[in-house]
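The values are calculated or read from the model by the stated rules, or taken from the named source; none is laboratory data. Since we're looking at a predicted model, the values are computed, not measured. Every residue, glycine among them, receives a Cβ derived from its backbone with ideal geometry; neighbour counts consider all protein chains shown. Ligands, DNA and RNA are excluded from the accessible area calculation, which covers all protein heavy atoms including side chains. Shrake-Rupley method; radii C 1.70, N 1.55, O 1.52, S 1.80 Å.
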There are 4 protein chains.
Amino acid sequence: MTRHYRVLIDCRDEKGLVYKISKTFFDFGLNVEKNREFVDAQNGKFFMRSEVSGKFDPDALEAELKLVLPKDAVIRLAEPRPKRVVIMATKESHCLGDILIRHEAGELEAQIVGVVSNYEILKGLVERFDIPYICVSHEGLQRAEHEELILEAIDSFGEIDYIVLAKYMRILTPEFVSRFEERIINIHHSFLPAFIGANPYKQAYDRGVKIIGATAHFVNNNLDEGPIIAQGTIPVDHAMDWRQMQSAGRDVEKIVLAKALKLALEDKIFVYANKTVIFD
Amino acid sequence: MTRHYRVLIDCRDEKGLVYKISKTFFDFGLNVEKNREFVDAQNGKFFMRSEVSGKFDPDALEAELKLVLPKDAVIRLAEPRPKRVVIMATKESHCLGDILIRHEAGELEAQIVGVVSNYEILKGLVERFDIPYICVSHEGLQRAEHEELILEAIDSFGEIDYIVLAKYMRILTPEFVSRFEERIINIHHSFLPAFIGANPYKQAYDRGVKIIGATAHFVNNNLDEGPIIAQGTIPVDHAMDWRQMQSAGRDVEKIVLAKALKLALEDKIFVYANKTVIFD
Amino acid sequence: MTRHYRVLIDCRDEKGLVYKISKTFFDFGLNVEKNREFVDAQNGKFFMRSEVSGKFDPDALEAELKLVLPKDAVIRLAEPRPKRVVIMATKESHCLGDILIRHEAGELEAQIVGVVSNYEILKGLVERFDIPYICVSHEGLQRAEHEELILEAIDSFGEIDYIVLAKYMRILTPEFVSRFEERIINIHHSFLPAFIGANPYKQAYDRGVKIIGATAHFVNNNLDEGPIIAQGTIPVDHAMDWRQMQSAGRDVEKIVLAKALKLALEDKIFVYANKTVIFD
Amino acid sequence: MTRHYRVLIDCRDEKGLVYKISKTFFDFGLNVEKNREFVDAQNGKFFMRSEVSGKFDPDALEAELKLVLPKDAVIRLAEPRPKRVVIMATKESHCLGDILIRHEAGELEAQIVGVVSNYEILKGLVERFDIPYICVSHEGLQRAEHEELILEAIDSFGEIDYIVLAKYMRILTPEFVSRFEERIINIHHSFLPAFIGANPYKQAYDRGVKIIGATAHFVNNNLDEGPIIAQGTIPVDHAMDWRQMQSAGRDVEKIVLAKALKLALEDKIFVYANKTVIFD
């Protein structure tokens, strides 16, 4: 049986890494369909992503790669498969709806296993697509209590690969975040690091900027400070009040979030030093 | 003699302003070649810029406009003429050189009357264009002393309309700035308000952004916080170190600065509430 | 009762038009919330769009405007109201789905009254949104016969304002087009006038371009040659085959189509000389 | 002595190419600073560009690569060095001036050995930079005669690597072009393949497009149809006549041309099938 795999390797840089990796691929009789490498000379780090195919034993390949690569090497062998994704949202439908349409069209290497929201508002939209929707209202609850219920809701969908915060407007605790390290993708409605925090469109309007943007990033414990995956911008002008900026910004938000999600689903992202290396 | 004028009016908003202004133009027999208006409903402010032509007495027009408009109206009548511009720079030539080429091509409604720098480095380039170059080294001087000499240098060029900071890498004092209110245009090498302060490209690299930018703005007393005139962005990726970002960013810087300068030269900018209204 | 109206006027240019129009607004006691004008000096044409509000009789306003304006003046008074829109599509869901999501979110000044397609493929998606879907297969039919049935389907939805071709992949006859003059909006999957005709992504790939685009335009009798409303572009590179370009292009297509549709719905478009004047 | 080389290889695709190449590098003790590869699966073509350094004999490296690679392999070993460039221009200074400023700043891996023009207009500008300027007027001459003189002028500068047509507004004969195959870079003032031929800005204006662009390409025998290296676009609107589009377009032209020139100077371009593979 011919297998297709993505091989992602990162380790400290040293001479001959590409040689050793490509020799291993060659020895296993693999077709290398795509190769991308990056050496961060300053930090002495090496990154490589290959798409290979052939009749081979993935465990044996991984073992052999381990053998020839430096001890610190992180080796990921990923077979293309629909990743299991939970979407979290609050009230706005543009990012969520965009993902649902792409999902339905088979554009995403993903199975949307469920949507969790702190409001009922988006229930109708999601159920139109026959996807489970769980509303966990935050009203009257402590943050920890609310998050406990959110986690229960997520867990009810079974094993998951990624959580997508498609305009989920509440802050997650470090405990929550640490459970899904580098697996929560958020869309922030500004061109980070500009306008961190609440209502960035209002901030942008008040500052009088001529361009606004959106940022998709992995969530870590510092709000809006996780590794950036993708960003986009559009021009604005004095004639737009902040609600018009918000409205215009939605188009950027959804495109940028979808772009970041695809990169994650297709195993094209490395994270290190709070940054991303992306082989798109 | 047929005169061409730009008429810029801003005042508190009220009913009938366009009617009163256009009636005045009509009564004076003017051709209205272009009209742009903006009402900031939230703040009750009205802005209008017209390009008119005809045989008329500008003073009489201004007097009549004063008569029909609210007391607080600011009325500017500007005849297109080469504005007198001093450029300040430090070591980098891309913004300065770009302006010199445009100037030589007659693309700018400006006369570059001189260049002031704290280094000798750009002297050769500037003098190639037969433009006076004054080097005022800051070495061994207090900020106030240095600025005093800078002012002398500027004054030696006679009356001026605008100062362009084409990568002038020193901070100006409030005294200096207040002397040229809304007449100093700076190019900041980041997408403000992201990366205020020193070496924004290094900051951008460290943060791992996927887009960088540049911002042209009027200088006020708060560093990098004056009214924004124009901004631009370009994509970057993990493979670029900060020097490569800097190199790529130069193209945005010079285009954005030239754009802002043109807007100023062509009397297309209103400033209020630390923001700009631009009729381009 | 306070009424809100959009007033769109175009006529041959002459002195005093803004004066006469704004005087009329003033005499009717209207608030002018927004004004945009454009004079095409070369062709002696004047365009103006105003947003006005007040207690007034629209018929009287129109009559008065007719009185003061040149004989050739075309005057449109449009009250903001959900316009009735039929969408036509074939197999791809990205443009259709994007409009459905926006529609459901109340983002469009429109009521989607129905979808017509020559395939059953998109029926499920559309019916999720409780919108009527009529499939009119073209198989075994002459073009005229097929179009006859399409027209019947459209007519079954009652009066309509606009038809949106959201990737409807069949050519319409001049008869069809002339029935809906300046009321059919198409999205063409290239940066027109590049790559007119079939499979523009394949053409773009074969030509080796570095940027691809999409064009929304009114449909006239010459395929892909109607007045352009909006365009967008994105970078591509050698590593993308035409299917990847197609996939990337979809994001531009849907954004550009939605932008054009909004401009139409909000009465922001003038058409003349096979071009558009857009006051956005 | 440590040498730095760029190694560019293209050949038919087969298994193990990266292995063989990286093994060769390893056997020669080279540091691989950068690797980029591309497999055109459809056409069975392999492209690779590496930046290597070390103490080695380039001829021996080339010989070894020849030995291990398929017979059809084209192997280029290029040492970074200022390439010798002639610029041709006509009347407009924006592209030429931009290159001169970059050249003076040391931004280009090039030596501008001379400028050839069919007018005297740009002589002053070029000589400000102490670069030889030869005017070869086309007046009263047959195309062949004129080109003969152009060639003489170019030859007078000695050996050259590239000719840059920085808005040189005359058509070159196939004889001229074939002498400098893949070594003439032109900037076309439209988003090719839209608006081939004369005055593309006028064409763009007449068509009513909402975006204009520029294209840098290698010149081949079919006017405006050579392999595209880089493209750029900017938005325009109905209020711009074609001269304003031309003026706005100049900024894109110069940036796109400079980008293409840099790619060529840094040996980052492969040409095949009338397209470019670019490892930037």
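Structural remarks
- Once the Cα atoms are used to define both axes, helix D:242-265 deviates from the longest principal axis of chain D by about 20 degrees.
- In the assembly of identical copies, B:Pro132 has its label point, taken 7 Å from Cα in the direction of the beta carbon, separated from the corresponding points by 3.8, 7.9, 7.9 nm (ascending, one decimal).
- Extension gain, B:Ala41 to B:Lys71, is 8.9 nm, computed as 0.36 nm per intervening residue step minus the present C-alpha separation.
- Compared with the dominant principal axis of the Cα atoms in chain D, helix D:58-68 is inclined by about 70°.
- For the stretch D:82-177, diffusion coefficient by Stokes-Einstein and Kirkwood Rh (Cα), 10 °C, 1.306 mPa s, µm²/s: 118 µm²/s
- Every Cα-Cα pair in the stretch A:3-78 was counted, and those over 14 Å apart are 56% of them.
- Accessible area in the full protein assembly, largest first, 1.4 Å probe, for A:Val86, D:Val68: D:Val68, A:Val86
- Vicinal HN-Hα couplings computed from phi for the stretch A:166-179 (Karplus, 6.51 cos²θ - 1.76 cosθ + 1.60; Hz; Gly/Pro x): 8, 6, 7, 9, 10, 7, 9, 6, x, 4, 4, 4, 5, 6
- Among the listed pairs A:Lys66/D:Lys23; C:Lys15/C:Lys262; C:Lys23/C:Lys45; A:Lys210/B:Lys259, those beyond 22 Å (Cα-Cα): C:Lys15/C:Lys262
- Once the Cβ-Cβ distance of A:Asp27 and D:Arg84 is raised to the sixth power relative to R0 = 35 Å, the FRET efficiency obtained is 0.15.
- Beta bridges per DSSP with both ends in the protein assembly as shown, % antiparallel, nearest 5: 70 percent
- Per-residue ³J(HN,Hα) for the stretch B:213-228, Karplus 6.51 cos²θ - 1.76 cosθ + 1.60, θ = phi - 60°, Hz, x for Gly and Pro: x, 9, 9, 9, 8, 6, 8, 10, 6, 9, 3, 6, 10, x, x, 7
- Between identical copies, the spacing of D:Lys91 label points, each set 7 Å from Cα toward the C-beta atom, reads 4.1, 5.2, 6.0 nm from nearest to farthest.
- Between C:Ser156 and C:Arg179, the simple label model (points 7 Å from Cα in the Cβ direction) yields a spacing of 1.4 nm.
- Solvent-accessible surface ranking, highest first, for C:Glu14, B:Glu127, B:Glu175 at 1.4 angstrom: B:Glu175, B:Glu127, C:Glu14
- D:Asp130 - accessible surface, heavy atoms, 1.4 Å probe, Å² rounded to 10: 120 Å²
- Across the copies of the chain, C:Lys71 has label points (7 Å from Cα along Cα→Cβ) spaced 5.0, 8.3, 9.6 nm apart, shortest distance listed first.
- Couplings 3J(HN,Hα) of the stretch A:74-88, computed from phi: 9, 10, 10, 10, 10, 8, x, 7, x, 7, 8, 10, 9, 9, 10 Hz, in residue order, whole Hz [Karplus 6.51 cos²θ - 1.76 cosθ + 1.60, θ = phi - 60°; x for Gly and Pro].
- For B:Gly16, the residues whose amide H sits under 5 Å from its own are C:Val32, ignoring neighbours fewer than 5 places away on the same chain, with H placed 1.01 Å from N.
- Two-decimal log10 I(q)/I(0) for the stretch C:181-280, as the Debye equation yields it once each C-alpha is a single scatterer, q = 0.15 Å⁻¹: -0.57
- Cα gyration tensor, chain D - rounded (a/c under 1.5), prolate or oblate: prolate
- Of the listed residues B:Thr233, A:Thr24, the order by accessible area with a 1.4 Å probe, largest first, is B:Thr233, A:Thr24.
- What separates the Cα centres of the stretch C:239-280 and the stretch A:98-160 is a distance of 32 Å.
- Computed accessible area, A:Val277, all protein chains, 1.4 angstrom probe, square angstrom: 0 Å²
- For C:91-100, mean number of other protein chain Cβ atoms within 10 Å: 3
- One compactness figure for the protein assembly as shown is 0.98, namely its Cα radius of gyration divided by 2.2 N^0.38 Å.
- Here's how it looks for C:Lys45: its modeled amide H is under 5 Å from those of C:Asp13, C:Asp40, which are all 5 or more places away or on a different chain.
- Chain B's nearest residue to the axis relating it to D, judged by Cβ and reported with the distance in whole Å, is B:Arg128, 2.
- Solvent-accessible area of A:Thr2 with every protein chain in place, 1.4 Å probe, in Å² to the nearest 10: 80 Å²
- Positive-pole candidate from D:Ile87, D:Leu61, D:His4, dipole of the stretch D:1-115, charges at beta carbon: D:Leu61
- Largest-first principal axis extents, alpha carbons of the stretch C:4-134, Å: 56, 37, 20
- Only helical runs count toward this figure. For chain D, summing -39,500 (n - 2.57) over DSSP H runs of n ≥ 4 and dividing by all residues gives -10000 deg cm²/dmol at 222 nm.
- Crossing angle, helix B:143-155 versus chain B [Cα axis fit, 0-90 degrees, rounded to tens]: 50 degrees
- The Cβ shell under 14 Å around D:Arg102 holds other residues with a net charge of -3, Lys and Arg each +1, Asp and Glu each -1.
- Peptides C:267-274, C:252-259, B:76-83 ranked from most to least packed give C:252-259, C:267-274, B:76-83, packing being the mean of other C-beta atoms within 10 angstrom over each peptide's residues.
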